[in-house]
Amino acid sequence: MEKSLLAPGHRACAGCAMPTTIRLVLDAAGPNTIVVSPTGCLEVTTTPFPESAWCVPWVHSLFENASAVASGVEVMLKRQGKDTNVVIIGGDGSTFDIGMGCNSGMFERGHKVLYVCYDNEAYMNTGVQRSGSTPFCAQTTTTPPGSQSQGNPRPKKDMPAIALAHRIPYVATASVAYPVDLRRKVKKALQANGPSYIQVNAPCITGWTFDAGTMIELARLAVETGLWPLTEYENGELTGVKKVRRPKPVQEYLKLQGRYKHLFKKTECADNLGRIQALADANIARYKLVD
Amino acid sequence: MSEKTASKKVVEGSYAVAHAVMCCRPDVISAYPITPQTHIVENLSQMVADGELDSEFLTVDSEFSALSVLVGVIAAGGRGYSSTTSQGLALMYEVLYNVSGMRLPIVMNVANRAIGAPLNIWNDQQDSIGARDVGWLQIYAEDVQEAVDATLQAYKIAEDKEIRMPIMVCMDGFVLTHVYEPVELLDKEKAREFLPDFQPDSILDPLHPKTFGAFADPSTFTEFRYQQFEAQQKALVKIEKVAREFEAAFGRYYGGLLDGYFLDDAEVVLVAMGSVVGTIKDAIDAMRAEGKKVGLLKVRSYRPFPVQALRKALKDASVIAVIEKDVSIGCEAGLVTDLKAAFYNSNIRTPIIGFAAGLGGRDITIKDIRSIVAKAEAARKGEQPEFEFLNLRTEIL
């Protein structure tokens, strides 16, 4: 394998899916790439001044403005006649929530920018608080289970659908456990004539609590249960779905994670296990995951 | 100031400033509409539409995005422009700090306006004075011509290798943005000679990958701040130098950091910024005709705050009255407290009084200036409060 464009020595946790995801994205994008990142785990673990793990040009400004900054970079590159990839890599907090206005503006204005969200389903950098991406029933430090709570009361926001609503040419979901698929999607997205969005399932060892060695297995289970369908939309049409031969029960995915352990402790939580299974079943039906 | 009336045109202030921006050749203009800034950006978009100005004009989703876009533009090696006011400037607040911390030489016209609540679209200077600590240089224009000229000067100061800091060129909303007055528009070629193309130190370049906007822990953060502070101090010299270079090229000079009017023998000295300076000058003309020794010190550069120049300019005054269109809710107002701080460790023991005036667009008249002068004279005998809301309508309180 060639030298990675994300150098070793960064400070991400052992077992974190984020650096693996970024390495796969950069492998596919290649060195002729400028990366824009919002504030988050990625920024603080890779750029403690005067060190940097980035072997491509990289810029960070604020938590919620990566899309606007990338718009400025893209406009300048076009003006300079440079054919360089502009890739945003950010977590779900900036993508789903605080950066939504800027994201919508960037999509709507049609900048040729690839937005990659490494989705670990909560505000991990600040200590695992709930985000708009946190799934139903997941425990976070602001959605703790208790006598009146079974974790996050709301389902995950459908960010790919929001991206699609802007009629951008390419939208996909991907997983750190499917590197060939992820690299292919990044390459395809970079060919799109306009904005593109890829949302990558990226387990967080600190927030989800699992054994470091099971990170990839966990991400694969998310796909195999139907909870994280791998989809691809080109010009608004669903053009690719990763089939799942025999979908596994969601419990196999949930029971490996500390963030769901309360669901297995109390009998009154059984209904919610059923509701999570129903979410997976709905995906299986909607995307025809099973032949 | 030399007057070449023959080449002057009667235009709206916003058009004149937009024309000046055109002469500065920004690569990207990124803006969000807000009253009373709108005519500036509308004029610029028309210039782009007509091919008169070769810039990319981005219509973005908020002021927050408008300035954020320029972060990317400058990092990629371009020259950027935006304009805003009031609520828009407040929405940019987080980006303001970021731009100065990243040392990005952006120039922005602020069409000064009150900040709500209560909602108010008229002129005061609460917006930019409220952002005095964010690291941006702030230059206040007295009239449209000065706003035009300061815009060109601002790019030269901001992009100087020693400075590399963003600048707000502040002009009173409506009073200057919407007024039609005779202005000498900048000559494009002369402006190009005065302001060469932007030469960034480093840019986002895949052949020479660099990291922009890293995170700094306690072992380095202070030094980043110090360097911003140092750049502002260096700007004290640069602002004056550029004002003189501008004079050599264009024949107009307004003072660099400060400008005096009948200051030499003045006993009562009024201190102010922005368009109210014009009213004060008229009032002084009238009072001088009556033999009153009244003078004016115009503060052109509020950040950096020219402490030494202020001490020198005001050392002979018997009493100083500061007239400003802002208030620090809880402690007087920006300019007067800064001025007192500038004098505390000097030998100057001149009484200083402050007036919050013209808030939310209330007119400041020549009669008001006369009343302030009378109050300043009373202050010499200790018969005037240190700080006052001018023309407070006590009947509606």
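The values are calculated or read from the model by the stated rules, or taken from the named source; none is laboratory data. What you see is a predicted model, and the numbers here were worked out from it, not measured in a lab. Positions of Cβ are generated from backbone atoms using ideal geometry, with glycine treated the same way; all protein chains shown enter the neighbour counts.
Only a single criterion out of (1) in contact with a Phe, Trp or Tyr (Cβ under 8 Å, 6 or more places away or on another chain); (2) within 7 Å of chain B (Cβ to nearest Cβ); (3) within 26 Å of residue B:219 (Cα to Cα) is not satisfied by residue A:68, namely (3).
If I ask for residues that are of a type outside the set (S, T, N, Q) and in contact with a Lys or Arg (Cβ under 9 Å, 6 or more places away or on another chain), which ones from segment A:211-237 would you list? Spell out how you get there, then give the answer.
Initial filter on segment A:211-237 (of a type outside the set (S, T, N, Q)): A:211-213, A:215-224, A:226-230, A:232-234, A:236-237.
Result: A:221, A:223, A:224, A:226, A:229, A:230, A:232, A:234, A:236.
For residue B:221, are the conditions met, namely being modelled with pLDDT of 95 or more, of a type in the set (A, V, I, L, M, F, W, C) and crowded, with 19+ Cβ neighbours inside 10 Å? Taking the combined requirement at face value, the residue does not satisfy it.
Of everything in segment B:361-397 that is of a type in the set (Lys, Arg) and at pLDDT 95 or above, the residue that is farthest from the chain's Cα centre (by Cα) is B:393. When segment B:71-120 is filtered for residues that are in a loop (DSSP other than H, G, I, E, B), without any contact (Cβ under 8 Å) to a residue 60 or more places away in the chain and under 30 Å from residue B:214 (Cβ atoms), only B:92 remains. Taken together, the criteria exclude residue B:174 from residues that are over 30 Å from residue A:45 (Cβ atoms), within 14 Å of chain A (Cβ to nearest Cβ) and either in a loop (DSSP other than H, G, I, E, B) or not β-branched (Val, Ile, Thr) (or both). Can you spot a residue in segment B:298-305 that is without any contact (Cβ under 8 Å) to a residue 60 or more places away in the chain and not in a strand (DSSP E or B)? Yes, some residue in segment B:298-305 is without any contact (Cβ under 8 Å) to a residue 60 or more places away in the chain and not in a strand (DSSP E or B).
Here is the figure for segment B:231-245: residues that are crowded, with 17+ Cβ neighbours inside 10 Å and within 17 Å of the chain's Cα centre (by Cα) total 8.
Give the residue, chosen from B:292, B:298, B:315, that is under 22 Å from the mean Cα position of the chain (by Cα), closer than 16 Å to residue B:268 by Cα and not hydrophobic (A, V, I, L, M, F, W, C). Even if it seems obvious, please write down each step before you answer.
On the way: B:292 fails: under 22 Å from the mean Cα position of the chain (by Cα); B:315 fails: under 22 Å from the mean Cα position of the chain (by Cα).
Step by step, each of B:292, B:298, B:315 is checked, and only B:298 is under 22 Å from the mean Cα position of the chain (by Cα), closer than 16 Å to residue B:268 by Cα and not hydrophobic (A, V, I, L, M, F, W, C).
For segment B:366-397, filtering for residues that are of a type in the set (Asp, Glu) and surrounded by 16 or more Cβ atoms within 10 Å (Cβ to Cβ) leaves 3. Comparison of A:52, A:37, A:94, A:61 shows that the only residue that is buried (at least 23 other Cβ atoms within 10 Å of the Cβ) and at the interface with chain B (Cβ under 8 Å from one of its Cβ atoms) is A:61.
Conditions tested, residue by residue: (1) under 18 Å from residue A:238 (Cα atoms); (2) assigned to a loop (DSSP other than H, G, I, E, B); (3) hydrophobic (A, V, I, L, M, F, W, C); (4) touching a residue at least 40 places away in the same chain (Cβ under 8 Å).
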| site | (1), (2), (3), (4) |
| --- | --- |
| A:127 | no, yes, no, no |
| A:132 | no, yes, no, yes |
| A:137 | no, yes, yes, yes |
| A:153 | no, yes, no, no |
| A:157 | no, yes, no, yes |
| A:161 | yes, no, yes, no |
| A:172 | yes, no, yes, yes |
| A:183 | no, no, no, yes |
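Could you tell me whether residue B:264 is within 23 Å of residue B:296 (Cα to Cα), in a strand (DSSP E or B) and more than 14 Å from chain A (Cβ to nearest Cβ)? Give the steps one after another, and end with the answer.
Numbers: within 23 Å of residue B:296 (Cα to Cα): yes; in a strand (DSSP E or B): no; more than 14 Å from chain A (Cβ to nearest Cβ): yes.
No, not satisfied.
Within segment B:177-213, the set of residues being part of a loop (DSSP other than H, G, I, E, B), among the β-branched types (Val, Ile, Thr) and either closer than 30 Å to residue A:74 by Cβ or within 14 Å of chain A (Cβ to nearest Cβ) (or both) comprises just one member, B:203. For segment A:189-207, the count of residues that are in contact (Cβ under 8 Å) with a residue 60 or more places away in the chain, among the hydroxyl-bearing types (Ser, Thr, Tyr), closer than 24 Å to residue A:129 by Cβ and outside any helix (DSSP H, G or I) is nonzero.
Tallying residues that are more than 20 Å from residue B:149 (Cα to Cα), in a loop (DSSP other than H, G, I, E, B) and touching a residue at least 24 places away in the same chain (Cβ under 8 Å) within segment B:4-35 yields 3. Scanning segment B:1-55 for residues that are surrounded by fewer than 21 Cβ atoms within 10 Å (Cβ to Cβ), modelled with pLDDT of 95 or more and touching a Lys or Arg at 6+ places or on another chain (Cβ under 8 Å) yields B:25, B:35, B:54. The condition (being in contact (Cβ under 8 Å) with a residue 24 or more places away in the chain and either among the acidic types (Asp, Glu) or over 30 Å from residue B:148 (Cα atoms) (or both)) is satisfied by just one residue among B:212, B:194, B:221, B:198: B:212.
When segment B:56-76 is filtered for residues that are more than 11 Å from residue A:72 (Cβ to Cβ), facing chain A (nearest Cβ under 9 Å) and not charged (D, E, K, R), the ones remaining, listed by number, are B:59, B:62, B:64. Among the candidates A:46, A:20, single out the residue that is over 19 Å from residue B:206 (Cβ atoms), touching a residue at least 24 places away in the same chain (Cβ under 8 Å) and of a type in the set (Val, Ile, Thr). The conditions single out A:20. Check B:360, B:330 and return the single one that is on the phi > 0 side of the Ramachandran plot and in a helix (DSSP H, G or I). Criteria check complete, one pass: B:360.
Report yes if residue B:191 is closer than 22 Å to residue B:244 by Cβ, in contact with a Leu (Cβ under 9 Å, 6 or more places away or on another chain), buried (at least 24 other Cβ atoms within 10 Å of the Cβ) and modelled with pLDDT of 95 or more, otherwise no. Break it down into steps so the answer makes sense when it comes.
Numbers: closer than 22 Å to residue B:244 by Cβ: yes; in contact with a Leu (Cβ under 9 Å, 6 or more places away or on another chain): yes; buried (at least 24 other Cβ atoms within 10 Å of the Cβ): no; modelled with pLDDT of 95 or more: yes.
Answer is no for this residue.
For residue B:93, state whether it is of a type outside the set (Val, Ile, Thr), under 29 Å from residue B:119 (Cβ atoms), at the interface with chain A (Cβ under 10 Å from one of its Cβ atoms) and surrounded by fewer than 24 Cβ atoms within 10 Å (Cβ to Cβ). Spell out the reasoning first.
Working: of a type outside the set (Val, Ile, Thr): yes; under 29 Å from residue B:119 (Cβ atoms): yes; at the interface with chain A (Cβ under 10 Å from one of its Cβ atoms): no; surrounded by fewer than 24 Cβ atoms within 10 Å (Cβ to Cβ): yes.
No; evaluated as a whole, the condition is false for this residue.
Only one entry in B:254, B:261 is surrounded by 15 or more Cβ atoms within 10 Å (Cβ to Cβ) and modelled with pLDDT under 95, namely B:254. Selection over segment B:276-297 of residues that are among the small types (Gly, Ala, Ser) and either touching a Pro at 6+ places or on another chain (Cβ under 7 Å) or without any contact (Cβ under 8 Å) to a residue 24 or more places away in the chain (or both) gives a count of 2.
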